[in-house]
Amino acid sequence: MYVLFEGIDTCGKTTQIELIAQKLDNVIITKEPGGTEFGKHARAILLQDSLTSKRAELLLFLADRAEHYAQIIKPNQDKLIISDRGFLSGIGYALTNGDFDFEHLVELNKFALEGHFPDLVILFITNIETLTKRMGNKTLDGIELRGLEYLISVQNHMKESLEKLDISYLLIDATQSIETIKEKIETKIKETL
C-alpha cells in the first residue's frame, strides 16, 4: 500500500511518519524529492529556488516523481510505503506558481506515476498562526522564503485538488497534539490496509 503524507513545511508530517514507522512492520519510508539519487540532486536545485521558469520547476518535480515511482514505489507494492510528499504537493505548488490547468497537471502526474496514484493521502492542514510560530524556529529554504501567504495558498490548492480526485484521504488538523494526530493516522492506515 502506497500512503502519501502531504502538507506544507512545518505542519508535522515528518514527526508523524517517524512515529508510524516505529509502530508498523515492513514499512518503507521515502520522500519526494530526495528519495532516489536523482531526487537528491533535484531537491538541491529546487530548494535553492534558482530556476527562473516555473515550467522547468514543474518538469524537474515530475522527473523526480517518475524516477521515484520506478525505483521505490513500483518494486515495493507488496509493502507499506510511506512517502513524505508526492504528486499532491506538485500540483499544489504548480497551481500556486503559475498559469497551469488542473486537469493537465493531473495528466502529467499520472504519466509520471505510470497511472498509479497513492492508495491513501494524509493531508495536514495548518493555519497562519501555527506556521508563523514554527517557521520562526528554523532556517528557511528558498521555497519557504516565498512567504507564509504563499505556503497557505499551496496548502489550499492541495486541499482543493484532493477533494476533486478519486483517492481515499484523511484531512489532519495539524494544530492538534502529536498523540491525537498519531491515533487518527494509525486508525486510518489500519482501516485501509
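Nothing in this text is a laboratory measurement; each read-out follows from the coordinates by a stated rule. It should be emphasised that the depicted structure is a prediction, and the values quoted were computed from it without experimental measurement. Don't worry about glycine lacking a Cβ; one is built from the backbone with ideal geometry, like all the others, and counts go over all protein chains shown.
Using Cα extents along the principal axes in Å as the read-out, say which of (1) 42, 38, 31; (2) 46, 35, 27; (3) 65, 40, 34 was calculated from these coordinates.
This structure yields the entry labelled (1).
Distance check, please: which entries in Lys54/Lys184; Lys159/Lys182; Lys110/Lys133; Lys54/Lys182 exceed 30 angstrom between their Cα atoms?
Flagged as over cut-off: Lys54/Lys184; Lys110/Lys133; Lys54/Lys182.
Hey, quick one: spin label on Gln77, modelled 7 Å out along Cα-Cβ, who in the stretch 9-46 has an amide N within reach, i.e. under 18 Å?
Flagged as within label range: 28.
In sequence order, what are the phi-derived ³J(HN,Hα) couplings for the stretch 165-178 according to the Karplus relation 6.51 cos²θ - 1.76 cosθ + 1.60 with θ = phi - 60°, rounded to whole Hz, with x for glycine and proline?
Rounded to whole hertz, the list is 8, 8, 9, 5, 8, 9, 8, 10, 6, 6, 8, 6, 5, 4.
Would you pull out the residues with amide H under 5 Å of Leu80's amide H, same chain only if 5 or more places away, H placed 1.01 Å from N?
Here the answer is Ile28, since their amide H atoms fall under 5 Å of that of Leu80.
One-quarter of the Cα convex hull surface for the stretch 99-193, in nm²?
Mean orientational projected area (the stretch 99-193, Cα hull): 7.7 nm².
Where in the chain is the longest stretch that carries no trypsin sites (Lys or Arg not before Pro) classed as loop by DSSP and with at most 16 other Cβ atoms within 10 Å?
The longest such stretch corresponds to 1-78.
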